[in-house]
1. Looking at the stretch 114-130, can you tell me whether even one residue there is modelled with pLDDT under 90 and away from ligand 2 (no atom under 16 Å from the Cβ)?
2. From the list 148, 136, which residue is at pLDDT 90 or above and more than 9 Å from ligand 1 (Cβ to nearest atom)?
3. What strands (runs of 3 or more DSSP E) completely inside the stretch 178-279 contain at least 1 residues that are touching a strand residue (DSSP E or B) at 6+ places or on another chain (Cβ under 7 Å) and crowded, with 19+ Cβ neighbours inside 10 Å?
4. Out of 485, 530, report the one residue that is of a type in the set (D, E, K, R), without any contact (Cβ under 8 Å) to a residue 24 or more places away in the chain and exposed (fewer than 15 other Cβ atoms within 10 Å of the Cβ).
5. When the residues of the stretch 250-294 are filtered to those that are in contact with a helix residue (DSSP H, G or I) (Cβ under 7 Å, 6 or more places away or on another chain) and among the β-branched types (Val, Ile, Thr), which remaining residue is nearest to residue 357 (Cα to Cα)?
6. Can you tell me which residues in the stretch 350-404 are within 19 Å of the chain's Cα centre (by Cα), of a type in the set (Lys, Arg) and outside the structural domain of residue 274 (by TED's automatic domain parsing)?
7. Take the conditions touching a strand residue (DSSP E or B) at 6+ places or on another chain (Cβ under 9 Å) and surrounded by fewer than 16 Cβ atoms within 10 Å (Cβ to Cβ) and apply them to residue 436. Does it pass?
8. Determine if the stretch 52-62 includes at least one residue that is over 27 Å from residue 179 (Cα atoms), of a type in the set (D, E, K, R) and either at pLDDT below 75 or within 16 Å of ligand 2 (Cβ to nearest atom) (or both).
Amino acid sequence: MSKGTINVSVENIFPLIKKFLYSDHEIFLRELVSNATDATLKLKHLTNIGEVSVKYGTPKIEIKIDKEGKKLHIIDQGLGMTADEVQKYINEVAFSGAEEFLDKYKDKVDDAGIIGHFGLGFYSAFMVAEKVEIITKSFKEEPAAHWTCDGSPQYTLEASDKTERGTEIILHIAEDSTEFLEESRITTLLNKYNKFMPIPIKFGTKEENDPSHEPETTTDKEGKETTEPQRKITVDNIINNPTPAWTKQPSELEDTDYKGFYRELYPTQFEEPLFNIHLNVDYPFNLTGILYFPKMGNDMNIQKDKIQLYQNQVFVTDNVEGIVPEFLTMLRGVIDSPDIPLNVSRSYLQADGAVKKISSYITKKVADKMKSLFNSNREDFEAKWNDIKIVIEYGMLSEDKFFEKSNAFALYPSVDGTYYTYDELYNKIKANQTDKDDKLVVLYASDKDAQHSYIEAAKTKGYEVLLLDSPIVSHLIQKLESEKENTSFVRVDSDHVDNLIKKDEATVSKLSDEEKTKLETILKEIVPSEKFMVQLETMDSSSAPFMITQPEFMRRMKEMQQTGGGGGMFGMGNMPEMHNLIVNTNSELVSEILNTKTKKKQERLITQSLDLAQLSQGLLKGEALTNFINRSYEMIK
Ligand code: ADP
Ligand code: MG
């Protein structure tokens, strides 16, 4: 037996290991299972290239709990280590690796985020164990070795009588970590980190029906049938799927395989995904994965943090912020890449060249997939549009490359359910919806019911009205106006229909300028100026006498502010709800208001008309509504 002291240059790293990343103690299991997997895959590689004559067989990794002995065992059938290798890889390489890691990050625990996901390696065992043993037999013709360390820098290394190839790690679980002796806790951890690792992982056994046993049915004298019980067999409880869908080629997979894998990833999710996108590159970086579009609707928040990030089939995190573009964090699925540096902080990650390339690759793949889905089955794409538009629109807003590509598949539905691409829309409306200044005016509604009368008015003019109802639509419109030349978007209720698209057909006014001034004075005495801007308009005499609109610009800025960004810079934080009161000077009622002799009747006509105009916009509420109803009953008596 040999004894030694691990070469500690920092005073003592063991207490540090225990303290480090307190909440992340559980990663020790992932580290040890990863090592066991590496050792097995290395052996496979050596046998494949004919380097060693041993048989590879069907190795597995086993996790065992010894509750009484307070021990946790991780056993592999990999290539093992000789005593010299233990000395080299465990006492020197792994130790200095852990030491360097801690030295680098011990002051930056706050910046942890992604730090700590990898790096500590074998020595992370000391986060939960007071003593660790390694019993290992190399594939080489050499005696097995037994290493023991109790968390001080002293270790012992002696011969062992282990005969089967491979390594067994024994953790003597510390008093404060006995949770890791609970079967349920280990099951949870294995499911979280190791569910898709490439070597089968056994954790206990389970009972299964014996497939070779066909239960016999016998009939007794009275004709009563009895079937013997199904014979059970005990099989290994393998907790992982070593070949998950993303590790396969797209050509090997059917639609049902993709859906099946989705259920494997999200067992509690009942809804099926709408589309999937298979990611698969090996140059200039390595990346595989499958992304899914879930049914999204208009909710922007509930779906985040569902994409899982793996490195060589080892789970790392489900926070992919900084790795995939923000708009895609609403998707689900897996990304696996050994090229994402994980022992760095998020801010560093976002500046990393490889990560930037990965992010733009994913963006491009998503855009290409959308385009091909649109081209191959437009009807289906249209049917799903409402559930995916939020992601697409968000992408159009935040990624210029995506915006450019989206022209081929982004849809603009009309209130009647026709879906246009931008170019189709342009061709459809340019003749009728270009104003006198040669500007294309795109009309839209955000709510078919609330804006019903305005939509109808626009339709009678032959205008096409879009239905744009996602929560970020004001931002999108702003973006479209700045990208598409000479185009403006106007909501149907932002002005009288004659003013939505201004053309050169002036209506002759019945009122003289003098009468208009007089009318304005009368109106302003009664209409509250903090709520309404009175605006006299010469319109068709059959158009409504009073009408309430909210100017496009004001409303949009307010909306943009509510959904973040944009409007904020205009300092409209406390902007009151301002509306325009459009008064049709050619209407009969307005003539009557002007010519009425008694002040009292004039006031009543104005108040009642104003209330009616508010009512048609859903703006009349509370006491004002009660007053209106009472007054109306008085009037019809
Ligand atoms: P890393 O896995 O990043 O190399 P670790 O600290 O996890 O760092 O492990 C250090 C080294 O110890 C490994 O590179 C390997 O050589 C050796 N090792 C650890 N666990 C095993 C094992 N189960 N079988 C064989 N060698 C192992
Ligand atoms: Mg390791």
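1. Yes, the stretch 114-130 has at least one match.
2. Every option except 148 fails the conditions.
3. 201-209
4. Going through 485, 530 in turn, the sole match is 485.
5. That would be 281.
6. 384, 389
7. no
8. Among the residues of the stretch 52-62, not one is over 27 Å from residue 179 (Cα atoms), of a type in the set (D, E, K, R) and either at pLDDT below 75 or within 16 Å of ligand 2 (Cβ to nearest atom) (or both), which makes the answer no.
The values are calculated or read from the model by the stated rules, or taken from the named source; none is laboratory data. These numbers come from a predicted model, not from an experiment. Please note: Cβ atoms are built from the backbone with ideal geometry, for glycine as well, and neighbour counts cover all protein chains shown.
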